[in-house]
Amino acid sequence: MKVIVYKGKEQIALEDKPIPTEKEGWSLIKIANAGICGSDLNIYAGTHPRAKAGLTLGHEFAGYMESSNHPTIAKGKKVCVYPLLSCGKCSTCKSGKWYICETLGLLGIDLDGGMAEYVLCPDEAILPLPDDMSLELGAVVEPVAVAVHSIRKGAYQAGDTALIFGGGTIGLCIAIALQHYGCTDITIAEANPLRINKIKEFGFKVIDVTKGDVIEEARKINNNIGADIVFDCAGHPSVASILTETTKVGGRIVLVAAYKHKTELNLGQGMFREVSIQFVRVYQLEEFKIAVDLTYNCNDFKKIITHQLPVDKYQEGFDLLTTGTDAIKVMYHLS
């Protein structure tokens, strides 16, 4: 089978690997679509602490049940996969928080993932999709689950104003989900002019961070007092340093982005403004199920898929996301 393999820093290849052998409790999925995530870009850059050369990439994917021995899902059924791998033994797992297991792993990072014609997945992680749901949308469920988890952790309430730093896949998924949940005042701060145009197409307000005073522009939200809830999906030190200044007094900050290095966060100002700060990592299984329904029922998520490529254009997909293009969600077709 064809697979996209991480070979080392800024090196990927299309290789042939044997189709995985089924084992008890694991079923084989025939992949139709697989998306490139920010984590895949970290692996490609050689900065991910766990991914090793030889890994088949990809944890955003959807396809068809290939196995005939899954306990509840019939062969040929459309499916997506909850890609987290928990130990079930640590104190965190025993407390019910499997999604932040102390040794949490992911398909596509710690085990071979879904940028392949077939992938082997734990039975309990495989979720059925509606029969009339496209598999392109099925492969978007994972980032939508990040959005669902972030919004829930941020304690969004009806009437809140929202500011999102970063208009990539996660930032847009959060904005779309917030809008679906009734939020009517959403602003996205972004630097890439091509992405800014895309954000405007969605109808969201935009702050161009390359022009003017970002803090002043952000403060204009909510009658010049700042946003009720601010999501950092950018992961850039220049954003971290102004988060407490763009959030209203008593507001909430949700740190969604994965910072690669230590950075400055104005904790003193956060204290004086009594701002709540919530870190998020991934998502719970129930939130993944919510994301399936949300993705199915909200057509706007399809608009974030800007590029769909055949698997033999594997390098082009990563180039699109590392060279300042208008790409948001880049996806491969594998069958």
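The values are calculated or read from the model by the stated rules, or taken from the named source; none is laboratory data. This is a predicted model, so every value here is computed, not measured. Note that each Cβ is placed from the backbone with ideal geometry, even for glycine, and that neighbours are counted across all protein chains shown. Accessible surface is based on the protein model in full, side chains and every heavy atom, while ligands, DNA and RNA are left aside. Shrake-Rupley method; radii C 1.70, N 1.55, O 1.52, S 1.80 Å.
Here are the numbers for the structure shown:
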quantity: Those trypsin sites (Lys or Arg not before Pro) in the stretch 293-335 that DSSP places in a loop and that have at most 12 other beta carbons within 10 Å; calculated: none
quantity: Added length on full extension, which subtracts the Cα-Cα distance from 0.36 nm per residue, A13 to T103; calculated: 29.6 nm
quantity: Highest to lowest packing among 306-312, 253-259, scored as the average C-beta count within 10 Å; calculated: 253-259, 306-312
quantity: Accessible solvent surface per residue of the stretch 153-247, calculated while the other protein chains remain in place, 1.4 angstrom probe, Å²; calculated: 40 Å²
quantity: Inter-centroid distance (Cα atoms) of the stretch 146-160 relative to the stretch 211-266, Å; calculated: 16 Å
quantity: Among C87, C173, C183: highest mean-square fluctuation, GNM of the chain, C-alpha pairs under 10 Å; calculated: C87
quantity: The stretch 129-224: Rg to Rh, with Rh as the Kirkwood radius over Cα pairs; calculated: 1.01
quantity: Extension reserve of the Q157-D326 stretch, reckoned as 0.36 nm per residue once the Cα distance is removed; calculated: 57.7 nm
quantity: Relative contact order of the chain, defined on C-alpha pairs under 8 angstrom at six or more residues apart (%); calculated: 19 percent
quantity: Set K2/K77; K9/K198; K262/K313; K153/K200 screened for pairs whose C-alpha atoms are more than 25 Å apart; calculated: K9/K198; K262/K313; K153/K200
quantity: Of all accessible heavy-atom area on the chain, the percent that carbon and sulfur account for (1.4 Å); calculated: 49 percent
